[in-house]
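The values are calculated or read from the model by the stated rules, or taken from the named source; none is laboratory data. Note that this is a predicted model, so its numbers are computed, not measured. Heads up, the Cβs are rebuilt from the backbone with ideal geometry, glycines too, and the neighbour counts pull from every protein chain shown.
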Amino acid sequence: MSLVVRFAPESLTSDQYDRVVRRLNEENLVPADGLDYELCFGSGDKMKVSLVWDSKEQFDAFAARLMPILAELGIDPGEPEVLEVHNIIKR
């Protein structure tokens, strides 16, 4: 079952998000196995990130690699909201 993982940290800027993405690329952690797609949206220091994963196990495996990077960069992602997907429609 697919799931949506939504992060709404207290503070996240586009620059911080871009630094995380660069780091994930440098460490060859993206594209992550099981990640269907990722969205980053918002403005100022109120950026949010939503991801659609094929399974919770794949998300958990990626999170184990992601969280130390976030900690190193001083980013507190907060507790993610995890929701089962009912339906996905793509063009």
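Figure legend. Inter-residue proximity from the stretch 23-50: first residues within 15 Å of Leu70 (Cα to Cα), second residues among the hydroxyl-bearing types (Ser, Thr, Tyr) and part of a loop (DSSP other than H, G, I, E, B), beta-carbon distance below 9 Å, spacing 6+ or different chains. Indicated pairs: Met47/Ser11; Met47/Thr13.
Each row is one residue, and each column tells you yes or no for (1) part of a strand (DSSP E or B); (2) at pLDDT 95 or above; (3) among the small types (Gly, Ala, Ser).
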residue: Glu57; (1), (2), (3): no, yes, no
residue: Ala63; (1), (2), (3): no, yes, yes
residue: Leu66; (1), (2), (3): no, yes, no
residue: Asp76; (1), (2), (3): no, yes, no
residue: Glu79; (1), (2), (3): no, yes, no
residue: Arg91; (1), (2), (3): no, no, no
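Can you say whether Val5 is β-branched (Val, Ile, Thr) and out of contact with any strand residue (DSSP E or B) (no Cβ under 7 Å at 6 or more places or on another chain), as far as the supplied structure shows? Let's see the steps before the verdict.
Values: β-branched (Val, Ile, Thr): yes; out of contact with any strand residue (DSSP E or B) (no Cβ under 7 Å at 6 or more places or on another chain): no.
So Val5 fails the test.
Filter the stretch 22-49 down to the residues that are more than 14 Å from Leu12 (Cβ to Cβ), touching a strand residue (DSSP E or B) at 6+ places or on another chain (Cβ under 7 Å) and loosely packed, with under 13 Cβ neighbours inside 10 Å and list them by number. Can you show your working first?
Filtering the stretch 22-49 for residues more than 14 Å from Leu12 (Cβ to Cβ) gives 22-37.
Remaining after also requiring touching a strand residue (DSSP E or B) at 6+ places or on another chain (Cβ under 7 Å): 34-37.
Once the filter is applied, which keeps residues that are more than 14 Å from Leu12 (Cβ to Cβ), touching a strand residue (DSSP E or B) at 6+ places or on another chain (Cβ under 7 Å) and loosely packed, with under 13 Cβ neighbours inside 10 Å, the stretch 22-49 yields only Tyr37.
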